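The values are calculated or read from the model by the stated rules, or taken from the named source; none is laboratory data. Keep in mind that this is a model prediction, so the values were computed, not measured. Cβ coordinates were reconstructed from backbone atoms using ideal geometry, including for glycine residues, and neighbour counts include every protein chain displayed. All accessible areas refer to the heavy atoms of the entire protein, side chains included, with ligands and DNA or RNA removed. Shrake-Rupley method; radii C 1.70, N 1.55, O 1.52, S 1.80 Å.
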Amino acid sequence: MSLDFINAGLVLSSITTLLFIVPILDSIERKVKAAIHSRIGPPILQTWYDIRKLFAKKLSVIPNPFHVVFFLFLYMMLSIMSITYFITAVLVPMWNSIMVLIILITILQTTFIVLPFVTSNPFAIIGATREVLLVLVNEIVFFIAMALLIFFSGETYLSSLPYIHPTPAYLILAAILFIVGYVSCGRQPFDIAEAEPEIASGILVELTGPLLGVFVYANLVRRALFKLIPVYVLIAPFTGSNMYALITSLIILPILWVIYAGLAALFGRSRVDIAPVSLLKLYSILFSITIILYLVFK
Amino acid sequence: MSEYIKKSIWVFHLNTGSCNACDIEILDALTPYFDAERLGVKLVVSPRHADALLLTGPITYESLPKVIRAIEAVPRPRFILALGSCAVGGGIWHDTYSTIGGVPELLKILKNRGIEVDGVYYVPGCPIRPEALIYAVGILKGILQKKVKMRVRKAIA
């Protein structure tokens, strides 16, 4: 099917708006946290100011610069490409789009893990090792959840999800994707890769100036992607149209961003060392419920 | 100074042998009560990410090599906020055997090594008040004016 003008306009405007508002969503999160503290907080464009400032700083020579710059720009390109592909695949029927999205996210996550390893900094390597452990639990669950999504819905098109009938098993699956999204965003207690006070920002420690700016922006885009996927999966069967589903998801995105920020504040004092194990237990329970519900309501 | 830095000041806390009184006041200034974030200030844990160093203490000889390395790690434009009497001019340690005597002496060493600092802001006090630190950030942002002219005199031997 060829793109008509409305879809093309919607795809372009959605992607452009998303890429612009993602740092603003981070600022809104900081503003909400400030409101909880009864303080004024930073301006609404503060994260944009931070990124712009980082690009104005002098670029320092870092160890292994060729590999670092290569993986960093690959990470940024993949973040933007994944979110672009997701929005396009929602609006335009694309063959096996769910599987292509899984592959894109796998490459994106692998690049994210490899990047700190090539900086050769001991703190970065500690952070990267922790991230590997977390990814082993979280990403595998993401793959299984997406595979079950295809199995339950019988669809490999993202754009066909609005036309399926939501079952209880499907809704539990969407809940699993919400948890996967929360963990992939690197919020407390799953920020063990950065672990700011403990290992001096871990994976970020060698990045400086414009390189840090690229990483911060790419990370925010990745966060937006991992929020959009579960929202779309949950909302789609209730809207009946992929266009409405996408617009509703984009409206819910800032609300979910703030909810995740609130949850992160609640989990601020939880134990980081047992986080992956607790996560595995939680996923096991939810998967068991999903499969039981599927067999019962089959 | 660059307009970009004025709107986003990431600070790194560098203790160079202080008695910790100024350090406690820095922590105080960064709490929600004083809300330094509204001025774009953010505490970072690596000098590579920082724009300004919150330097406390008279800079002992033991800490000097690490201080120089930390300042070198800050990408330019880089600024130093000399906090407390010790950092401003050595304080009661200004002429002792184990300290270099504050930021003015440090700047001479940095100049000899070819390390450039784009601006130094002095915040006197023993310890400094959190309001004084926020005032210094205001001067850095260009929204406030300097109150006094800083002048350090060496003790007469």
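Here is how the numbers come out for the structure above:
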read-out	value
Region A:224-265, subset open to solvent by 30 Å² or more (accessible area, probe 1.4 Å) and touching a Ser or Thr at 6+ places or on another chain (Cβ under 8 Å), residue nearest to A:Asp50 (Cα to Cα)	A:Leu250
Residue count, region B:79-101 (criterion: within 14 Å of chain A (Cβ to nearest Cβ) and modelled with pLDDT under 90)	0
Unmet requirement for B:Ser46, which otherwise passes all of (1) more than 9 Å from every other protein chain (Cβ to nearest Cβ); (2) over 25 Å from B:Gly142 (Cβ atoms)	(1)
Residue in region A:141-160 that is open to solvent by 10 Å² or more (accessible area, probe 1.4 Å) and either on the phi > 0 side of the Ramachandran plot or in contact with a His (Cβ under 8 Å, 6 or more places away or on another chain) (or both) present	yes
Residues of region A:226-285 that turn out to be among the polar types (S, T, N, Q), out of contact with any helix residue (DSSP H, G or I) (no Cβ under 6 Å at 6 or more places or on another chain) and either modelled with pLDDT of 80 or more or within 30 Å of A:Met81 (Cα to Cα) (or both), as a count	1
Condition met for A:Ala34 (within 14 Å of chain B (Cβ to nearest Cβ) and surrounded by fewer than 21 Cβ atoms within 10 Å (Cβ to Cβ))	yes
Scan of region B:1-42 for residues that are touching a helix residue (DSSP H, G or I) at 6+ places or on another chain (Cβ under 8 Å), assigned to a helix (DSSP H, G or I), closer than 16 Å to B:Glu131 by Cα and in contact (Cβ under 8 Å) with a residue 60 or more places away in the chain, ordered by number	B:Ala21, B:Cys22, B:Glu25, B:Ile26, B:Asp28, B:Ala29, B:Ala36, B:Leu39
Failed item, numbered, when B:Pro32 is tested on (1) over 21 Å from B:Ile100 (Cα atoms); (2) out of contact with any His (no Cβ under 9 Å at 6 or more places or on another chain); (3) surrounded by fewer than 21 Cβ atoms within 10 Å (Cβ to Cβ)	(2)
Residue ID - farthest from A:Ser38 (Cα to Cα), chosen from residues in region B:21-43 that are more than 8 Å from chain A (Cβ to nearest Cβ) and acidic (Asp, Glu)	B:Asp23
All positions within region B:48-62 that are over 13 Å from the mean Cα position of the chain (by Cα) and buried (at least 19 other Cβ atoms within 10 Å of the Cβ)	B:Arg48, B:His49
